[in-house]
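These notes concern the structure reproduced below.
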């Protein structure tokens with residue numbers, strides 16, 4: 001075979017091999033350049049249900065922030081009672097949606113739209129604060145129990161068992177009767193009786209991490225126990241904590257609404273969804289808007305947080321069978 005023939009035969013193969021060799025490093029670099037957090041964000045962005053839920057959550061947050069704007073536009077403060085013909089019927093029943101009261105009125109002649117917007121403030125504020133308190137207590141105690149083990153682990157584990165065995169509503173009744181109903185009491189009660197599950201999750205993760213090589217390396221370098229716990233171990237359990245936090249917020253929102261529905265939440269005339277639903281129990285047959293709008297707000301908000309939490313859990317799951325493309 002001549003040199004020209006060999007060159008002709010080799011010609012098509014040469015560029016192909018070179019192209020393959022050139023594309024493989026680029027593809028490898030694209031994969032290696034993505035951290036687990038970047039991959040999780042990319043998976044989450046491809047989850048349509050999670051993105052729609054996030055958009056709704058942002059909308060609820062904006063409604064809560066700009067609740068005074070709704071009151072200014074309508075000219076109806078959240079606690080103002082109107083007794084005119086447009087607010088109440090002759091029998092003293094709520095009036096339906098109209099040009100003045102867009103979502104109708106409640107049994108006291110107050111604007112349902114404005115009170116629902118202000119109720120979003122209470123639900124989100126309690127949801128965020130109580131969840132933050134729950135996660136903070138659970139993470140610290142879970143880290144300590146799993147890392148130190150021995151006597152500390154035994155004591156903290158028994159404390160978790162005690163907290164889980166205390167009837168939640170009984171504790172709320174006792175605390176409310178002593179200190180009175182308020183936003184602070186609601187946040188403290190929910191936070192102090194909800195951290196046990198977080199502590200158990202963190203403790204289980206720390207037990208599997210405390211004997212790893214990077215922990216031994218940190219010990220050999222003279223790092224203190226608290227530095228190892230919060231600098232070396234905590235970032236490795238942060239994924240599970242974030243996932244649990246996103247799923248805990250809707251539970252806290254429903255818990256707060258339930259307490260208000262039972263009369264154990266914020267005192268009237270504070271506008272919150274649970275209190276509005278409770279107040280509509282006697283008039284829901286003749287005024288479905290009074291119970292319908294706050295109920296829809298509560299259901300859609302908790303549903304959005306749950307769907308977003310599921311999306312976050314899937315995004316951080318390394319076993320998720322998804323194609324991440326540019």
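Just to be sure I understand, how many residues within region 210-241 are farther than 30 Å from residue 125 by Cβ and free of Cβ contacts under 8 Å to residues at least 60 places away in the same chain? The total comes to 19.
All conditions but one from (1) modelled with pLDDT of 90 or more; (2) under 18 Å from residue 194 (Cβ atoms) apply to residue 278; the one that does not is (2). Does residue 171 meet the test of being surrounded by 13 or more Cβ atoms within 10 Å (Cβ to Cβ), at pLDDT below 85, touching a helix residue (DSSP H, G or I) at 6+ places or on another chain (Cβ under 8 Å) and on the phi < 0 side of the Ramachandran plot? Against the criterion (surrounded by 13 or more Cβ atoms within 10 Å (Cβ to Cβ), at pLDDT below 85, touching a helix residue (DSSP H, G or I) at 6+ places or on another chain (Cβ under 8 Å) and on the phi < 0 side of the Ramachandran plot), residue 171 qualifies. Comparison of 142, 149 shows that the only residue that is surrounded by 24 or more Cβ atoms within 10 Å (Cβ to Cβ), out of contact with any strand residue (DSSP E or B) (no Cβ under 6 Å at 6 or more places or on another chain) and more than 30 Å from residue 73 (Cα to Cα) is 142.
Results for (1) more than 21 Å from residue 186 (Cβ to Cβ); (2) assigned to a helix (DSSP H, G or I); (3) under 20 Å from the mean Cα position of the chain (by Cα), shown as yes or no for each residue.
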{"residue": "235", "(1), (2), (3)": "yes, yes, yes"}
{"residue": "238", "(1), (2), (3)": "yes, yes, yes"}
{"residue": "245", "(1), (2), (3)": "no, yes, yes"}
{"residue": "248", "(1), (2), (3)": "no, yes, yes"}
{"residue": "253", "(1), (2), (3)": "no, yes, yes"}
{"residue": "257", "(1), (2), (3)": "no, yes, yes"}
{"residue": "263", "(1), (2), (3)": "no, no, no"}
{"residue": "270", "(1), (2), (3)": "no, no, no"}
{"residue": "284", "(1), (2), (3)": "yes, no, no"}
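Within region 302-326, residues that are surrounded by 13 or more Cβ atoms within 10 Å (Cβ to Cβ) have Cβ atoms under 7 Å from residues that are modelled with pLDDT under 60 in these pairs: 314/320, counting only partners at least 6 apart in sequence or on another chain.
Table: residues versus (1) modelled with pLDDT under 90; (2) in contact with a strand residue (DSSP E or B) (Cβ under 7 Å, 6 or more places away or on another chain); (3) under 15 Å from residue 132 (Cβ atoms).
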| residue | (1), (2), (3) |
| --- | --- |
| 231 | yes, no, no |
| 235 | yes, no, no |
| 245 | no, no, yes |
| 249 | no, no, yes |
| 257 | no, no, no |
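Considering region 97-107, and only residues there that are at pLDDT 90 or above and surrounded by fewer than 24 Cβ atoms within 10 Å (Cβ to Cβ), the residue that is farthest from residue 291 (Cα to Cα) turns out to be 102. Residues satisfying the criterion are absent from region 67-75 (criterion: farther than 28 Å from residue 301 by Cα, out of contact with any strand residue (DSSP E or B) (no Cβ under 7 Å at 6 or more places or on another chain), crowded, with 17+ Cβ neighbours inside 10 Å and touching a residue at least 12 places away in the same chain (Cβ under 8 Å)). Criterion applied to 48, 110, 6, 43 was being modelled with pLDDT under 90 and within 32 Å of the chain's Cα centre (by Cα), and the one residue passing it is 43.
The values are calculated or read from the model by the stated rules, or taken from the named source; none is laboratory data. Since the model is a prediction, treat every value here as computed from it, not as a measurement. All Cβ positions, even for glycine, are placed from backbone atoms using ideal geometry, and neighbour counts span all protein chains on display.
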